[in-house]
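The block underneath contains the structure these notes are about, expressed in structure tokens.
The values are calculated or read from the model by the stated rules, or taken from the named source; none is laboratory data. Just so it is clear, the structure is predicted and the values come from calculations on it, not from any experiment. Glycine gets a Cβ as well: all are built from the backbone with ideal geometry, and neighbour counts include every protein chain shown.
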């Protein structure tokens with residue numbers, strides 16, 4: 001029979017081996033805990049997003065750090081799972097002793113991390129998740145949201161719907177907070193056109209055959225979508241043979257107008273759909289944008305940079321400005337410093353609303369068109385909605 | 001030293017160490033041990049089916065999530081008192097296990113496993129689609145827990161006490177006549193039937209017991225995370241806990257505890273350095289199945305036989 005003694009000794013040994021490690025919190029270092037998906041389908045977002053953090057952190061450290069300390073970030077993979085992200089956030093706080101949390105991607109995941117931030121009384125800066133639930137019904141004083149939220153995105157969609165003469169609209173998105181909040185906002189802002197049908201698909205699905213059939217037979221003249229990432233790529237590839245994009249007008253959020261999305265689909269990208277993007281490397285913007293793009297191009301080793309870095313870059317810059325203003329990373333003082341804070345970003349001056357902790361971040365919207373000889377579509381012309 | 005203390009010296013030592021863990025002042029150790037205790041209880045509950053009864057279940061996460069969601073909803077949506085929410089969640093897990101078990105125990109082997117998988121996915125689909133109640137894909141976030149349990153040390157002691165009571169109860173069940181009947185069914189169901197054991201009844205009871213303790217671990221999980229998520233009902237969660245049982249050793253009572261400690265600690269540890277945890281997990285599974293089918297517990301016995309007793 002198995003002896004309790006040896007099992008006990010064995011159990012405690014493996015537990016100790018894998019878990020007892022004491023990172024030393026240097027007085028000279030300011031640690032930011034980053035929660036991003038770096039594996040699986042979310043890696044396509046998480047890894048470029050981390051580039052923005054690297055860029056901002058390098059700039060901060062080259063200028064002497066923050067409040068006399070070097071900034072260091074510790075990354076954990078959320079795997080796009082709320083429970084994994086929640087456990088990782090606790091580990092970052094209790095073991096790595098991070099002073100601030102930064103992330104995540106996907107509304108459900110960020111809501112889970114936000115719950116940790118609330119209970120641990122630590123600031124969470126959310127640069128990408130758009131759900132207004134974060135800073136609405138699940139608001140707490142430690143959460144800050146610098147992404148373009150669903151109110152801004154829904155308002156832009158409603159404006160575009162009117163502009164392109166939509167009458168009856170079908171909406172479709174993943175069945176989770178972001179899509180629900182977005183379509184609710186769209187419905188509130190629509191003046192004239194009406195939503196005739198809503199089609200929600202399982203989060204993360206890649207099989208859109210049923211949705212395509214529903215959209216083909218739907219009576220709407222315009223489709224407003226919010227399926228993102230690999231989901232959008234799969235949807236386009238599956239819908240193209242049915243000629244869906246030629247039968248109806250399309251307005252698609254969730255940043256499918258980004259260069260990386262256009263590059264992934266190349267000639268398959270449906271020409272003429274209205275899409276959005278946080279940033280466009282080909283946008284002829286202010287000098288600050290040009291400078292940011294040059295630095296990012298150097299970091300990424302390509303002129304055609306990704307869209308996600310600007311979100312995290314701006315987020316880290318807000319945090320840095322907040323910590324500098326507060327003179328500390330201590331949560332209560334940092335919250336006070338961040339409320340109402342304004343900073344200059346590559347896309348203009350942005351402010352944190354002191355009431356709901358949202359930043360007035362906008363996005364570029366425009367029709368996707370073929371430009372020149374390239375088979376990678378561009379947003380032309382891009383208009384900034386905020 | 002009294003005989004009772006001498007006989008249970010190492011168990012008492014383990015409990016004493018767990019009891020004084022908060023004195024180390026390490027929040028990380030307290031949090032991690034709380035999580036390991038929850039998963040150890042979850043693995044122990046599955047081992048009733050897999051290790052003692054010999055029935056493979058791919059849907060055990062269903063009871064874990066039923067317990068967690070029920071407690072979360074009662075506490076937060078309906079503002080029920082903690083004790084009532086806790087006990088009702090256990091009762092829901094038991095009822096669900098009874099109803100699902102009624103169907104599943106009518107079949108054996110592969111068909112039993114497939115039925116548990118089907119019911120597991122059914123529960124997952126409900127958690128995902130019943131958005132107004134469960135929060136859908138976003139999960140049920142922001143559970144109201146009693147103020148006393150919001151302190152991590154208090155919650156650790158609560159989890160520890162619950163785990164000790166549950167483990168003792170499971171130990172008693174596994175070492176009773178009922179436990180022997182389960183092993184008899186595992187070894188040869190037809191022979192057990194001919195010996196007069198009501199195999200259907202024993203299997204159903206074991207299924208319900210297993211479901212109750214899985215529900216209990218789900219309740220602890222929900223309270224600890226202040227949230228419950230549909231992924232906790234997905235078949236991969238059932239697969240994860242099954243790997244804990246296999247890794248620890250399914251033919252030993254203590255094996256699933258070792259499996260939970262090893263797998264969960266290893267996952268946390270690996271995730272700090274690389275995102276390729278799934279590759280490590282696959283490797284572990286290969287080693288366990290091909291080289292060490294009796295798991296870590298089997299490895300400890302092997303060391304005992306070959307080294308410790310000779311010396």
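Things worth noting here:
- The residues of the stretch A:106-122 that are assigned to a loop (DSSP other than H, G, I, E, B) and either surrounded by 24 or more Cβ atoms within 10 Å (Cβ to Cβ) or within 9 Å of chain B (Cβ to nearest Cβ) (or both) amount to a single one, A:106.
- Between A:288, A:295, the distinction of being more than 20 Å from the chain's Cα centre (by Cα) and surrounded by 15 or more Cβ atoms within 10 Å (Cβ to Cβ) belongs to A:295 only.
- Checked against the criteria, residue A:55 counts as over 22 Å from residue B:149 (Cα atoms), buried (at least 21 other Cβ atoms within 10 Å of the Cβ), assigned by TED's automatic domain parsing to the domain that holds residue A:334 and out of contact with any strand residue (DSSP E or B) (no Cβ under 8 Å at 6 or more places or on another chain).
- Hits in the stretch A:100-109 (condition: closer than 15 Å to residue B:136 by Cβ and at pLDDT 90 or above): A:109
- Note on the stretch A:247-271: residues that are farther than 21 Å from residue A:195 by Cα and not in a loop (DSSP other than H, G, I, E, B) total 10.
- For the stretch B:222-241, a residue qualifies if it is farther than 15 Å from residue B:278 by Cα and surrounded by fewer than 24 Cβ atoms within 10 Å (Cβ to Cβ), and the qualifying residues are B:226, B:231, B:234, B:235.
- Selection status of residue A:138, assigned to a strand (DSSP E or B) and modelled with pLDDT under 95: no
- Candidates A:92, A:80, filtered to the one that is within 13 Å of another protein chain (Cβ to nearest Cβ), farther than 25 Å from residue B:69 by Cβ and surrounded by 24 or more Cβ atoms within 10 Å (Cβ to Cβ): A:92
- Considering the stretch A:285-386, the qualifying helices (runs of 4 or more DSSP H), each wholly inside and each with 2 or more residues that are free of Cβ contacts under 8 Å to residues at least 12 places away in the same chain, run over A:287-300, A:331-338.
- Hits in the stretch B:122-139 - residues which are within 20 Å of residue B:211 (Cβ to Cβ), surrounded by 15 or more Cβ atoms within 10 Å (Cβ to Cβ) and either away from chain A (no Cβ under 14 Å) or in contact with a helix residue (DSSP H, G or I) (Cβ under 6 Å, 6 or more places away or on another chain) (or both): B:123, B:124, B:127, B:134
- Checking each residue in the stretch B:51-80 for being in a helix (DSSP H, G or I) and surrounded by fewer than 23 Cβ atoms within 10 Å (Cβ to Cβ) picks out B:73, B:74, B:76.
- Verdict on residue B:181 being within 11 Å of chain A (Cβ to nearest Cβ), in contact with a helix residue (DSSP H, G or I) (Cβ under 9 Å, 6 or more places away or on another chain), in a helix (DSSP H, G or I) and modelled with pLDDT of 90 or more: no
- Of the set (1) out of contact with any helix residue (DSSP H, G or I) (no Cβ under 6 Å at 6 or more places or on another chain); (2) within 13 Å of chain A (Cβ to nearest Cβ); (3) assigned to a loop (DSSP other than H, G, I, E, B), all apply to residue B:145 but (1).
- Reported count of residues in the stretch A:29-64, each being outside any helix (DSSP H, G or I) and either in contact (Cβ under 8 Å) with a residue 24 or more places away in the chain or under 21 Å from residue A:84 (Cα atoms) (or both), is 11.
- Residue B:254 vs. criteria modelled with pLDDT of 85 or more and within 12 Å of chain A (Cβ to nearest Cβ): yes
- Within the stretch B:285-308, being more than 10 Å from chain A (Cβ to nearest Cβ) and either farther than 30 Å from residue A:85 by Cβ or modelled with pLDDT of 80 or more (or both) holds for B:286, B:287, B:289, B:290, B:291, B:292, B:293, B:295, B:302, B:305, B:306, B:307.
- Residues being within 13 Å of chain A (Cβ to nearest Cβ), assigned to a helix (DSSP H, G or I) and more than 15 Å from the chain's Cα centre (by Cα) - total across the stretch B:23-50: 7
- Criterion violated by residue B:107 - all others in (1) at pLDDT 90 or above; (2) assigned to a loop (DSSP other than H, G, I, E, B) satisfied: (1)
- Of the strands (runs of 3 or more DSSP E) lying entirely inside the stretch A:141-230, those carrying at least 2 residues that are more than 30 Å from residue A:117 (Cα to Cα), touching a helix residue (DSSP H, G or I) at 6+ places or on another chain (Cβ under 8 Å) and outside the structural domain of residue A:337 (by TED's automatic domain parsing) are A:168-174, A:194-201, A:222-225.
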